[in-house]
Amino acid sequence: MDQLDDLSSLHLETLALRTGQLRTDEGAHGEPIFTTSSYVFKSAEQAAARFSGQEPGNIYSRFTNPTVRAFEQRLAAMEGAERCVATSSGMAAILATAMALLQSGDEVICSRSVFGTTNVLFEKYLKKFGVKTTFVSLTDITQWQAAITTNTRMFFLETPSNPLCEVADIAKMAELAHKHDALLVVDNCFCTPALQRPLEMGADIALHSATKFLDGQGRCIGGAVCGRSELMEEVFGFLRSAGPTMSPFNAWVFLKGLETLSLRMQAHSASALRLADWLEQQPAVEKVFYTGLPTHPQHLLARAQQSAFGGVLSFRVKGGRKEAWSVIDATRFLSITGNLGDAKSTITHPATTTHGRLSDEAKAEAGITENLIRVAVGLEHIDDIKADLNRGLTKLS
Ligand SMILES: *Cc1c(COP(=O)(O)O)cnc(C)c1O
């Protein structure tokens, strides 16, 4: 099992192909999938040494599996992290981080614009265990400052946000969190390390729903937590005891996904930018939300901390729910689904799907209006994507 010793000189595209490599005595070029729940030991003495932690090595696939480890090593290298811990889903990555690093009485400050289920996890479930979460605006750092108490232990955010593409200044957020002995956790799902590396900007943890762009073809559910060793040891400890483990098959799919991640993210970003430009010129469109547009209020910040603008955009059509739904229903091949990060373009109406559980007041505050449509731009030809959207848009104007 070869490992490259010095990764510091290698670029992300090379790391994506050449780290976490697993080569057995069979000499297979592709990484093998180790579908085993347990491992055998040469002797009782070795078994004892493995279980006590004296000897490193595989014990049981709830917490040690070579295929999963290969994925972890590869993603850690790409995020510039000392270590990565893979999990069964993106939500499990967030839960494992919270359970490992927080305790009853601690407080979290969280961006209001996070994935809907993240909101539920903090507000409903972690609250039951005495962890209080305050939700604030992603872009207004003074709200974060004002929400800090002596019990604040964690800042949690996603940037750019879903679906309105708001951007937080990661370095400034890290500085504020650290000044108050809190950790900054960034859900890096939308950009992936191919476009944004939060740890380099001062974040303590970058975590993922691998289900999205890391897979890239909508096949598997998985997640990952990346950061420095001492924090990851805690996350790993929780995973080992609680068991939201990534399966070896899923790890293998994600390993393959990472190999093409950079190329795909560039292609998603290039098409999304062209689509955003085009949508801005359509008479039936009221407003387009995409960090790549110079009209976006945080365009320069996005430019500084991301190497491209990502594959997700949203726009408001003139009218309300009826008009938005008519544009969605007029498409011929865009997939009507809440998922994103797939090679296939997806289209969704946030107000009645991904953000449907929010109260009307919370929706209004988050800008999730009835005329808003989100598109996660896939890898189909951009002219075909435009034509598919144009079918409904031309009927509105
Ligand atoms: C999908 C998603 C999650 C949750 O990931 P699962 O793999 O579905 O559990 C978390 N954060 C963001 C930003 C997401 O898009």
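The values are calculated or read from the model by the stated rules, or taken from the named source; none is laboratory data. Small disclaimer: the values here were computed from a predicted structure and weren't measured. Neighbour counts run over all protein chains shown; Cβ positions are idealised from the backbone, glycine included.
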Next on the checklist: So, Ser269, is that one touching a helix residue (DSSP H, G or I) at 6+ places or on another chain (Cβ under 9 Å), among the hydroxyl-bearing types (Ser, Thr, Tyr) and under 23 Å from Leu12 (Cα atoms) or not?
Outcome noted: yes
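State all residues of the range 174-201 that are under 14 Å from Ser307 (Cα atoms), of a type outside the set (A, V, I, L, M, F, W, C) and crowded, with 24+ Cβ neighbours inside 10 Å; if no residue qualifies, say none. Show your work before the answer.
Restricting attention to the range 174-201, the residues satisfying the condition of being under 14 Å from Ser307 (Cα atoms) are 188, 190-198, 200-201.
After this cut, where a residue has to be of a type outside the set (A, V, I, L, M, F, W, C) as well, the list is 188, 192-193, 196-198, 200.
Matches in the range 174-201: Asn188, Thr192, Pro193, Gln196, Arg197, Pro198.
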Next on the checklist: Going residue by residue through the range 254-268, is there one that turns out to be surrounded by fewer than 24 Cβ atoms within 10 Å (Cβ to Cβ), assigned to a loop (DSSP other than H, G, I, E, B), more than 16 Å from the ligand (Cβ to nearest atom) and β-branched (Val, Ile, Thr)?
Outcome noted: yes
Checklist outcome for this item: Among helices (runs of 4 or more DSSP H) completely within the range 125-203, the ones holding 1 or more residues that are in contact (Cβ under 8 Å) with a residue 40 or more places away in the chain and touching a strand residue (DSSP E or B) at 6+ places or on another chain (Cβ under 7 Å) are 170-179
Item to check | Qualifying positions in the range 141-199 - β-branched (Val, Ile, Thr) and out of contact with any Gly (no Cβ under 7 Å at 6 or more places or on another chain) | outcome: Ile141, Thr142, Ile148, Thr149, Thr150, Thr152, Thr159, Val167, Val185, Val186, Thr192
Item to check | Enumeration of residues in the range 73-116 that are more than 16 Å from the ligand (Cβ to nearest atom), outside any loop (DSSP other than H, G, I, E, B) and within 19 Å of Ser241 (Cβ to Cβ) | outcome: Arg83, Ala100, Leu101
Next on the checklist: Need pairs with beta-carbon distance below 6 Å; first residue within 12 Å of Ala16 (Cβ to Cβ) and within the range 71-88, second part of a strand (DSSP E or B) and among the small types (Gly, Ala, Ser); sequence gap 6+ or separate chains.
Outcome noted: Phe71/Ala86; Leu75/Ala224; Glu79/Ala206
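Pick out the one residue from Leu183, Leu164, Leu157 that is of a type in the set (A, V, I, L, M, F, W, C), away from the ligand (no atom under 16 Å from the Cβ) and not assigned by TED's automatic domain parsing to the domain that holds Thr348. Quick ask: steps written out before the conclusion?
On the way: Leu164 fails: away from the ligand (no atom under 16 Å from the Cβ); Leu157 fails: away from the ligand (no atom under 16 Å from the Cβ).
Going through Leu183, Leu164, Leu157 in turn, the sole match is Leu183.
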Next on the checklist: Just the residues that are modelled with pLDDT of 95 or more and of a type in the set (S, T, N, Q), please, taken from the range 29-53.
Outcome noted: Thr35, Thr36, Ser37, Ser38, Ser43, Gln46
Checklist outcome for this item: For Thr24, the lone unmet condition from (1) of a type in the set (Val, Ile, Thr); (2) at pLDDT below 95; (3) touching a Gly at 6+ places or on another chain (Cβ under 6 Å) is (3)
Item to check | Filter result (surrounded by fewer than 17 Cβ atoms within 10 Å (Cβ to Cβ) and away from the ligand (no atom under 16 Å from the Cβ)) within the range 203-233 | outcome: Arg228, Ser229, Glu230, Glu233
Item to check | Output for the range 148-183, where each listed residue is of a type outside the set (S, T, N, Q) and farther than 30 Å from Thr295 by Cα | outcome: Ile148, Arg153, Met154, His178, Lys179, His180, Asp181, Ala182, Leu183
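Out of the range 16-62, which residues are in contact (Cβ under 8 Å) with a residue 24 or more places away in the chain and assigned to a helix (DSSP H, G or I)? Break it down stepwise before answering.
Quick first cut of the range 16-62, residues in contact (Cβ under 8 Å) with a residue 24 or more places away in the chain only: 16-17, 19-22, 31-37, 39, 61-62.
Of everything in the range 16-62, those that are in contact (Cβ under 8 Å) with a residue 24 or more places away in the chain and assigned to a helix (DSSP H, G or I) turn out to be Ala16, Leu17.
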Next on the checklist: Quick check on Arg219: is it in contact with a helix residue (DSSP H, G or I) (Cβ under 8 Å, 6 or more places away or on another chain) and of a type in the set (Lys, Arg)?
Outcome noted: yes
Next on the checklist: If I go through the range 186-202 residue by residue, how many of them are at positive phi and more than 14 Å from the ligand (Cβ to nearest atom)?
Outcome noted: 1
Checklist entry - Looking at Thr331, is it more than 16 Å from the ligand (Cβ to nearest atom), under 26 Å from Thr211 (Cβ atoms) and polar (S, T, N, Q)? => result yes
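Mind telling me which of the residues Ile373, Ile328, Ile347 ends up being among the β-branched types (Val, Ile, Thr), within 30 Å of Leu261 (Cα to Cα), in a helix (DSSP H, G or I) and modelled with pLDDT of 95 or more? Before you say what the answer is, go through the steps one by one.
Working: Ile373 fails: in a helix (DSSP H, G or I); Ile347 fails: in a helix (DSSP H, G or I).
The match here is Ile328.
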Checklist outcome for this item: Scanning the range 216-234 for residues that are within 16 Å of Gln73 (Cα to Cα) and either touching a Gly at 6+ places or on another chain (Cβ under 8 Å) or assigned to a strand (DSSP E or B) (or both) gives Gly222, Gly223, Ala224, Val225, Cys226, Gly227
Checklist outcome for this item: Checked against (1) part of a helix (DSSP H, G or I); (2) surrounded by fewer than 19 Cβ atoms within 10 Å (Cβ to Cβ); (3) in the same structural domain as Leu379 (by TED's automatic domain parsing), Arg240 satisfies every condition except (3)
